Each structure stands twice: as structure tokens, then as C-alpha cells.
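Asks: Input: one structure, supplied below.
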Amino acid sequence: MSDTDFTGTNYSIRDEIREFWSARAATFDQSVGHETFSDAERAGWHRLIVKHLGEGQGRAALDLACGTAVISHLMNDLGFKVTGLDWSEAMLEQARAKAAKRGTDIRFIMRDAENTMEPRGSFDVSTNRHLVWTLVDPRAAFAEWFALLRPGGKALIVDGNMGRKSWVAVLREALSKLTGKDGGPHHMDPAMMKKHREIRSRVHFKDQMPPEAVVALLLEAGFRDPVVDRQMFDIHWAQARKMPPMRALERLASDRFAICVTKPE
Ligand SMILES: C[S@@+](CC[C@H](N)C(=O)[O-])C[C@H]1O[C@@H](n2cnc3c(N)ncnc32)[C@H](O)[C@@H]1O
């Protein structure tokens, strides 16, 4: 069965996902939850990364779907030698500009996270934030991420079960229907919101994405010792403080998590 909307062409869901993110690249960093806006938030991310991956000490890290290189820079702060990978040239343009402005030596490559073409066993760690929910073929992606790590290497995944509506989201939607007002500025205009929903309906985790479902696929790929970590309150609190009240509550109530897995020695 084809995954394309355009019968007779090879324009696929992957092209649509890449174009969607490219269209958002220029303003991506303006949103709380994308770029960091306080030392407290940065400290929270550093804490999470060190907890699971340790200090960098010059080790090679691959930030998969790096976007505008927010996580890449947090990794760079900690002394990792970072490669940022994304398939959107528009995102990479923002990432390169940021790295130039900050004087960081992060290497950027334009590739598909499901098929990176990087040498096997060449990274000590890999990271990705908000990528897994949008993967078309997570089995292929996880097999690739497993192959890229050296034995003993670790992958840190940050994502959320966005298909699960929190009580706050339900309340906010009801209130916005009643008042015709939203709880705060949207990251996306209505057309982009529609496209976002459309894409979501066609990816692997189209409904819910509980961490257990992600872990099951990671184990299938060969990873071991999964740790699901929901202790990210410091990060979410720092983000919430920069958001309008309803969105802040929604952030605190949503099911967001990190998963760390290891490639056996
Ligand atoms: C929500 S953004 C997250 C960006 C960044 N990880 C962050 O947290 O700031 C999703 C990113 O994933 C990238 N992406 C999605 N699927 C990808 C794939 N298969 N290969 C490479 N990049 C991908 C998009 O281009 C976009 O930059």
C-alpha cells in the first residue's frame, strides 16, 4: 500500500513531514519548549543529560533531528563533540547560524534519521527530542540508531504521549469553545495546525505513544537496560513560567518523558 496522497507520483508522507518542519524553521526558536529561555531551564536539561549520559569529555554525540540545534548546543555545553543531523535544510540553516553566532564547532549534516549514512559504531551517545512521534518507520530508525552506537553506547530519547489528552487540555478546549479565545499564542496558524493533525494521522504513533510502546520497539532493535524517566519537573516548571497560565498548566499536566537505552557491550 502506498503512503502517498498523490496517486501516480512518489511524493510521500516523508516529503510532507520535511516540508512541514521547513516551513516552521524561521520561527521555531520563538516558542517556549523549543529554544530555552532561562538559566533554570538550561540547568534542568543539563541535569537530565548528565544523569543519563554523563559528562561529555570529548565523546562523540549524534543529535538526531536536531532542528535548530537546541539540544545540540546543550550537549556541546557539556563537552560532547556533537554532530547535528536533520533532513530539513531550512532547519539546518537556523542551526548553522546559531552555531556561528555562539562560536560552537558543531558539525551539521542533512540526512534522514532512519538512514543516516554515518559510519557504524561511530558514536558514543545519541540524543533526539520530539522526533519519535513523527517517525514513519520507527523500527528502521531504531535499528539504524543501534548500529550507529559503539558497544556500551547510550541513546537518550525525549518525547511525550501527546495523543493522551490531559484534563487541562480538555478544559482549555472547552473554555476556548465557550469564549472563542485561546489560552495563549499558538506555535502554528490554523493551516499549519490542520497540516500537523493530518501528518499525525499517518505516522506510526498516530494515536497514543506511551513510553512502554517505544521501549518495546527499542528492545526489538537490540537495545537493553531501558530507563523511563518522568522526573523532568524542573524543565517543565521553567518552561511553564514563560507561558500563559492555561498553556503552562497544560505543559505541567501532559505526559512527557525521557527514555535512555544502552547498546550491550
Ligand atoms: C519538533 S522538531 C524538533 C527539533 C529538535 N530536536 C528540538 O527538539 O528542538 C522535529 C525535527 O525533526 C526533523 N525530522 C523529522 N523526521 C526526520 C527524519 N526522518 N530525519 C531527519 N530529521 C527529521 C524535522 O525536520 C524537525 O527539524
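Asks: Which residues, taken from segment 47-66, are within 16 Å of the ligand (Cβ to nearest atom) and either on the phi > 0 side of the Ramachandran plot or under 16 Å from the mean Cα position of the chain (by Cα) (or both)?
Replies: Passing the criteria: Leu48, Ile49, Ala61, Leu62, Asp63, Leu64, Ala65, Cys66.
Yes/no per residue for (1) at pLDDT below 85; (2) under 30 Å from Glu265 (Cβ atoms); (3) buried (at least 17 other Cβ atoms within 10 Å of the Cβ); (4) away from the ligand (no atom under 12 Å from the Cβ):
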| position | (1), (2), (3), (4) |
| --- | --- |
| Thr127 | no, yes, yes, no |
| Leu148 | no, yes, yes, yes |
| Leu178 | no, no, no, yes |
| Lys181 | yes, no, no, yes |
| Arg202 | no, no, no, yes |
| Gln208 | no, no, no, yes |
| Ala213 | no, yes, no, yes |
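Asks: Which ones in segment 67-99 are in contact with a strand residue (DSSP E or B) (Cβ under 7 Å, 6 or more places away or on another chain), more than 10 Å from the ligand (Cβ to nearest atom) and not hydrophobic (A, V, I, L, M, F, W, C)?
Replies: Asn76, Lys81, Thr83, Arg96
Asks: Just to be sure I understand the filter: pairs with C-beta atoms under 9 Å, separated by 6 or more residues or on different chains, first member in segment 79-91 and more than 19 Å from Arg18 (Cα to Cα) and in a helix (DSSP H, G or I), second member modelled with pLDDT of 95 or more and more than 9 Å from the ligand (Cβ to nearest atom). Which pairs pass?
Replies: none
Asks: Within segment 63-77, does at least one residue satisfy the condition of being modelled with pLDDT of 95 or more, among the acidic types (Asp, Glu) and under 21 Å from Val50 (Cα atoms)? Steps first, answer last, please.
Replies: In the first step, residues of segment 63-77 are kept if they are modelled with pLDDT of 95 or more; the result is 63-77.
Keeping just the survivors that are among the acidic types (Asp, Glu) gives 63, 77.
Checking which are under 21 Å from Val50 (Cα atoms) leaves us with 63, 77.
Looking for residues that are modelled with pLDDT of 95 or more, among the acidic types (Asp, Glu) and under 21 Å from Val50 (Cα atoms), one finds at least one in segment 63-77, hence yes.
Asks: Can you tell me which of (1) free of Cβ contacts under 8 Å to residues at least 60 places away in the same chain; (2) farther than 14 Å from Leu85 by Cβ is the one Phe142 doesn't meet?
Replies: (1)
The values are calculated or read from the model by the stated rules, or taken from the named source; none is laboratory data. Note that the coordinates shown come from a computational prediction; the quantities given were computed from them, not determined experimentally. Cβ atoms come from the backbone with ideal geometry, glycine included; neighbour counts cover every protein chain shown.
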